[in-house]
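Participant: Dumping the structure here so I can ask a few things about it.
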Amino acid sequence: MSEFCFLCAAVSECIGFSAPDASLKKRKPRSLLPFSTSMDHRSKDELHQDCLRLATCLKTKDHNEDVSPDLQNRIHLGLFTDRASLHNMIDVEGKYHLENGHPELFQQLMLWKGDMKGVLQAAAERGELTDQLVAISPMVGYQAWVWTVEAFAKQLCFQEQYVKAASHLLSIHKVYEAVELLKVNNFTGCCMFVEAIVIAKARLRPEDPILKDLYTSWAALLEKDGHYSMAAKCYLGASSPYDAVKVLAKKGDAASLKTAAELALISGEEELSASLSFRCAQEMLLSRNWVGAQEVLQQQKTLFGQRLVFCLNELLCKCLSERNPCNRRSPVPPCYHSWELNRDASFFDMAIEVWQKVLGMDTTEKATCAQEQLRSIKHPPSTSHTHPKQVLFYISHDLTLAALSYQAAAWDETVKSILGAVARSYDAGNFTLMQEICSIFLPEGCENLRDKLDSTNSQSLDACRSLEGFVAYGLLYDLWWNPPKGSSAKQKAGLDPVLCPTEQTALEQSCIPDHSSPEETPDQAAVEMDENLSSTIEFNRCKTESDSETNSVNLADRQSKLNSCKVLLSEAIAALQSTQRDIAEVQKILADMIHQHQQQRNNPQESTTGSIHENNVQQSSENESDEPCSDSSQIKRKDEETITLPELTKRLLEAKQKLAEFPDSLKVFPFPDVLECCLVLLHIGAQCPPELHEQALDLLRKHGSADVYGKAVRKFLT
């Protein structure tokens with residue numbers, strides 16, 4: 001009997017049971033082992049009583065009687081009685097372990113009990129599923145195993161262990177769910193797309209649409225973060241080479257554009273490849289790499305015309321740098337071709353020779369094809385905001401068309417193309433570049449070209465007249481800035497010679513108008529020039545007159561050149577420009593009225609306050625100042641305020657009707673400002689031939705009534 005009690009006490013101590021008193025919850029959990037050498041340290045009397053109760057229970061069970069109530073309170077004795085008591089003991093002990101934070105001990109007890117389904121449900125509800133539970137879940141059944149894996153995958157997602165969750169989903173053959181899980185939960189970066197693509201590519205059919213969706217989604221994320229090269233790989237993996245080309249070209253640098261162009265060519269997108277190659281060549285042109293630009297362009301048969309443009313641009317830039325080396329050199333050295341150039345020939349002949357020997361333009365068909373390619377391209381107008389290198393490229397395009405027409409003896413097209421190049425540099429505000437183009441391509445003027453034109457083609461003659469005007473315009477300023485030899489007027493006036501064809505001097509910026517700016521007209525520029533340099537020019541004129549007496553030969557040559565500037569004093573063009581000036585003035589007044597009206601509607605209180613303040617200032621100025629100049633300006637301001645909208649509309653309609661009466665030949669081709677040229681001729685002084693002097697005065701009397709010319713005209717007419 002003592003041995004039996006000893007065994008009972010030992011097993012009870014092993015499982016962790018003791019007397020059902022308050023000390024039960026204070027005990028630390030012990031390892032649940034089938035055997036243990038631990039001893040029950042209760043008193044011998046208590047151990048003896050357990051043996052007696054156990055014997056009574058067993059005897060009662062043999063007689064099919066109910067278990068003694070005294071034994072029911074001794075839970076730990078269930079180990080030695082029937083199965084129901086054992087289950088009761090395990091339930092109580094398992095509940096105790098759960099309450100004390102030891103679910104693994106509870107799970108082990110339930111596994112011994114055989115209630116695996118309950119273990120799995122409890123662990124899933126508490127989020128305490130483990131790899132061990134998932135591994136033994138098939139003993140409950142297939143459905144229970146699948147359910148357990150799904151529950152464990154959800155638990156892992158809450159713990160942000162998405163890759164492990166996807167692996168468990170794969171164990172129950174849920175490939176799409178695993179892929180979608182990795183695709184959606186990519187919080188740690190793009191690496192989740194890698195696992196998703198690997199799984200999909202290894203487990204699904206190649207034509208499955210989920211693959212393309214994965215690549216596209218990953219590419220969009222990469223593109224958003226600026227990883228364009230990796231995004232292009234994804235688009236290629238999704239069999240979308242067009243999107244790969246687009247995303248590669250998105251960065252815009254020369255290397256990316258070159259790769260994108262080659263990729264487009266491999267993919268059969270020839271038109272897109274040509275467009276990207278041209279963009280790449282332009283980027284290389286900005287870095288002065290003409291060799292690299294030609295290498296990119298030569299891969300595209302449809303860009304042969306652009307190869308001619310880049311070639312002429314290289315020759316033109318090289319010629320300009322040799323004629324006028326800049327003091328401020330670019331930090332990037334130019335990359336020129338080592339072509340053999342015929343320096344004795346004209347520029348057109350030299351360029352055509354390079355085209356034929358180097359670029360392979362050895363047939364008339366190739367020249368015609370290149371000309372058609374270039375004619376289909378229309379560049380935007382150049383302004384003072386256009387990059388100088390971009391302006392020079394547009395000019396090279398016009399001059400390439402002129403050279404092709406020159407080779408084909410199409411003289412009317414040659415004149416129009418050269419005029420386009422000259423007018424573009426004029427519109428961009430780069431007067432020095434305009435002079436250099438005229439000097440390089442028309443060293444002897446326009447007489448040779450005019451003789452080759454068809455006298456019955458009025459449009460060609462009008463274009464030639466406009467070209468002659470710009471050539472004379474550049475010559476006129478050159479004569480004004482460069483007095484005769486021996487004269488110190490240039491040094492006194494501070495008129496330094498031009499140093500760089502691509503940069504304007506301070507004098508040019510103050511004298512040459514920016515025709516692209518709506519706020520400043522050519523007339524305003526001329527008047528500003530007159531106001532700023534009035535005293536300096538008067539001194540220059542006096543010195544020039546005194547020096548011209550001792551330089552008769554030089555003076556005769558200057559007067560001959562000045563006589564060639566007679567083409568600038570055109571009565572018809574002066575009237576046209578005066579009408580255009582009137583229209584611009586009325587439109588500006590209307591725009592100011594509309595702007596003021598909108599301000600009054602948006603801020604009525606501020607406009608009222610501003611008008612009261614303006615009236616107070618005006619009254620105080622009237623009381624304090626009695627100068628006639630201020631009075632006249634106030635009268636003028638009052639007159640302008642009394643102009644009504646119907647009157648302005650009437651003036652605008654009359655001016656537009658007058659403009660419509662001019663022939664289209666005058667309005668189509670650009671021409672220098674006539675009144676500006678008149679002022680320059682008058683500033684030259686005694687060196688100007690009397691005939692031109694009188695003609696300039698006459699034009700100023702007729703068309704110089706605009707307010708912008710008031711002070712300048714008054715100086716010479718009084």
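The values are calculated or read from the model by the stated rules, or taken from the named source; none is laboratory data. Predicted model, so just to flag it, every value in this text is computed and none were measured. When we count neighbours, we look across all protein chains shown, and the Cβ atoms used for this are built from the backbone with ideal geometry, even at glycine. These accessible areas exclude ligands, DNA and RNA; they are computed on the full protein's heavy atoms, side chains included. Shrake-Rupley method; radii C 1.70, N 1.55, O 1.52, S 1.80 Å.
Participant: When you go through (1) open to solvent by 100 Å² or more (accessible area, probe 1.4 Å); (2) modelled with pLDDT of 50 or more one by one for Pro628, which number turns out not to apply?
Facilitator: Among (1) open to solvent by 100 Å² or more (accessible area, probe 1.4 Å); (2) modelled with pLDDT of 50 or more, Pro628 violates only (2).
Participant: So, restricting to helices (runs of 4 or more DSSP H) that lie completely within region 113-224, which ones have at least 2 residues that are among the basic types (Lys, Arg)?
Facilitator: It comes to 116-126, 191-203, 209-224.
Participant: OK, next. Of all the residues that make up region 166-184, how many are buried (at least 17 other Cβ atoms within 10 Å of the Cβ) and under 17 Å from Gln132 (Cβ atoms)?
Facilitator: 1
Participant: Also, I was wondering about something else. State which residue is modelled with the lowest pLDDT when the search covers only region 654-667 and only residues that are surrounded by fewer than 12 Cβ atoms within 10 Å (Cβ to Cβ) and either in contact with a Pro (Cβ under 8 Å, 6 or more places away or on another chain) or in a helix (DSSP H, G or I) (or both).
Facilitator: Among them, the one singled out is Asp664.
Participant: Suppose the filter is in contact (Cβ under 8 Å) with a residue 60 or more places away in the chain and buried (at least 21 other Cβ atoms within 10 Å of the Cβ); does Asn313 pass it?
Facilitator: yes
Participant: Checking the condition more than 23 Å from Gly420 (Cα to Cα), not in a helix (DSSP H, G or I) and not acidic (Asp, Glu), which residue from Met361, Met284 passes?
Facilitator: Going through Met361, Met284 in turn, just one is more than 23 Å from Gly420 (Cα to Cα), not in a helix (DSSP H, G or I) and not acidic (Asp, Glu): Met361.
Participant: Keeping to region 195-210, report how many residues are more than 14 Å from Leu181 (Cα to Cα), surrounded by 12 or more Cβ atoms within 10 Å (Cβ to Cβ) and within 37 Å of the chain's Cα centre (by Cα).
Facilitator: 2
Participant: Looking at region 287-336, which of the residues that are of a type in the set (D, E, K, R) and either in a loop (DSSP other than H, G, I, E, B) or in contact with a Phe, Trp or Tyr (Cβ under 7 Å, 6 or more places away or on another chain) (or both) is nearest to Ser439 (Cα to Cα)?
Facilitator: The qualifying residue nearest to Ser439 (Cα to Cα) is Lys318.
Participant: Six or more apart or on different chains, Cβ atoms under 8 Å: show the pairs whose first residue is in region 563-578 and open to solvent by less than 40 Å² (accessible area, probe 1.4 Å) and whose second is among the small types (Gly, Ala, Ser) and assigned to a loop (DSSP other than H, G, I, E, B).
Facilitator: Note: pairs meeting the criteria are Ser578/Ala706.
Participant: Would you confirm whether or not region 389-411 contains a residue that is at pLDDT below 95, more than 27 Å from Asn457 (Cβ to Cβ), open to solvent by 30 Å² or more (accessible area, probe 1.4 Å) and part of a helix (DSSP H, G or I)?
Facilitator: Yes, region 389-411 has at least one match.
Participant: Now for a separate question. Taking the stated definitions as given, is Val140 touching a residue at least 12 places away in the same chain (Cβ under 8 Å) and closer than 21 Å to Val92 by Cα?
Facilitator: Here the answer is no, as Val140 does not meet what is asked.
Participant: A further question follows. Given the criteria among the aliphatic types (A, V, I, L, M), within 30 Å of Gln282 (Cβ to Cβ) and surrounded by fewer than 18 Cβ atoms within 10 Å (Cβ to Cβ), does Ala220 qualify?
Facilitator: Spelling it out, Ala220 is indeed among the aliphatic types (A, V, I, L, M), within 30 Å of Gln282 (Cβ to Cβ) and surrounded by fewer than 18 Cβ atoms within 10 Å (Cβ to Cβ).
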